[in-house]
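The structure under discussion appears below in the form of C-alpha cells.
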Amino acid sequence: MQNSGLLKYKLHHVFFWMLVFGVWYFLRMDDYSTQRKAFIVTFIKVAELALMIYITNYVLIPRLLYKKYYVWFAIIFIAMIFCSSIIKMNILGRVINSPALINWSANLKKSLYDNIIPHFFLVIAGAAVKLMLDYGKLQQRMIETAKEKAEAELNFLKSQINPHFVFNSLNSVYFLIHKDNQEARGALHKFSEMLRYQLYEVKDDKIPIEKEIHYLKDYMDLQQLRKDEKYTVQFNCTPDVKGFSIEPLLLVPFVENAFKHISHFNDKPNFVKVDMFLVKNSFIFSVTNSREEQRATEQHGGIGLNNVKRRLELLYPGKQELKIDKAEETFSIQLNLQLS
C-alpha cells in the first residue's frame, strides 16, 4: 500500500511537468525555426526549472528555511538561481546558435529581464506551493494531536477513580506487611510511586527525563521480582542523560513489550536489556529482549508498538527515528530523538 501511494505521488509529478512542457511548447513553438529546435529548447527550460524547484523544495527549505537559517537560505537560493540561469543561457545559446545568450554580460539588463528574474519568480512560486502544502499538513497534524490528546485525557480521567482511596489502601497494606519482609515492602513502595507518577505527574505535556527514568527503573525492578535466576534484566543509563524533557510515558511501552514477549528458554539466556545515552544532540533509547519464534502466537509488538509509532510521528515530526530489528532469537528497538 505504501509503495502504491508513493508511485501515485510520483506519477502526479510526472503528469504535472508533462503538462507544463506541453503548454510551454505550444505557446513558444512559433518562436523557433524548426519544431525540433523548439522541442529541445522547451525541454531544457522545463527540466532546469523543475530541477531548481525540487532543490529548493526538498533541500533548501527543509534544511535551511525550516531550521531558521534565513540568511544562508537567501544567499544560496539567489546564487543557485543566478548560476543556473547562466548555465541555461549558455546551453540555449549553443543550441539555437545565439551568441547574445552565450555572451550574456554584453547585455546584462536584457539577460536579467528575460532570464534570471522570470526564473527567480517561477522558482519562488514553486516554493510557495510547497510551503502551503506543508502548512496544511502541519495544521492537520495539530488537529490530530489535539484530538488524540483529548482522548488520552478522557481515558486518564476515567482511570483516575478516587486515587486518594488507592493510596490510603496501599499505605494500609504497607504497614500490615511485616517489617522483616523488606522485599515486599520495597515492591509495594515502588508500585505506589509508579501509581503516583501516572496519576499526578504526567499531566504536563513534557516531563523531565530524570523522572521518566526513575519510573522506568521502578517498573523494571517490579518485573524482575516476577522472574527467577534464569532471567537477566539489565538497565544501563549514562550519567549525561539529564537536563531535558520528553513526553511522559513515552518509553515504557517498549519495555512492557519486551517483558511481554521475553523468551522462556531452559538452556539459553532469557534477558531484557535497556540502554540510554546521548550522542551529540540526540537521545538514544534501545531495548533488546530474547524471544522464541515458536511461542510467537501474535505479532511481536502488535497494537502497542503501532500506537507508539503513531504517537512519535505526531509529537516529534521529523525529529525521531524508530528502528526495529526482529531476529530469530532476539527482538530490539532503537529510538533516536533529536533534542531541541
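What follows is calculated from the coordinates using simple rules that are stated; it is not laboratory data. Here the structure is a predicted model, which means the values were calculated and not measured. Here the Cβ positions follow ideal geometry from the backbone for every residue, glycine too, while neighbour counts run over all protein chains shown.
With neighbours defined as other Cβ atoms within 10 Å of a residue's Cβ, the residues Lys242, Lys37 order from fewest to most as Lys242, Lys37. Taking R0 as 51 Å, what FRET efficiency do you get between Ile75 and Glu293 from their Cβ-Cβ distance, rounded to the nearest 0.05? In this case the efficiency is close to 0.35.
Going down the list Lys147/Lys260; Lys211/Lys319; Lys206/Lys230; Lys45/Lys130; Lys137/Lys206, which pairs span over 27 Å between their C-alpha atoms? Cα-Cα > 27 Å for Lys147/Lys260; Lys206/Lys230; rest within. Cβ-to-Cβ counts within 10 Å put Val46, Val95, Val14 in ascending order as Val14, Val95, Val46, the fewest first. May I ask for the Kirkwood hydrodynamic radius of the stretch 202-338, worked out over all distinct Cα pairs and given in angstroms to one decimal? It works out to 15.6 Å.
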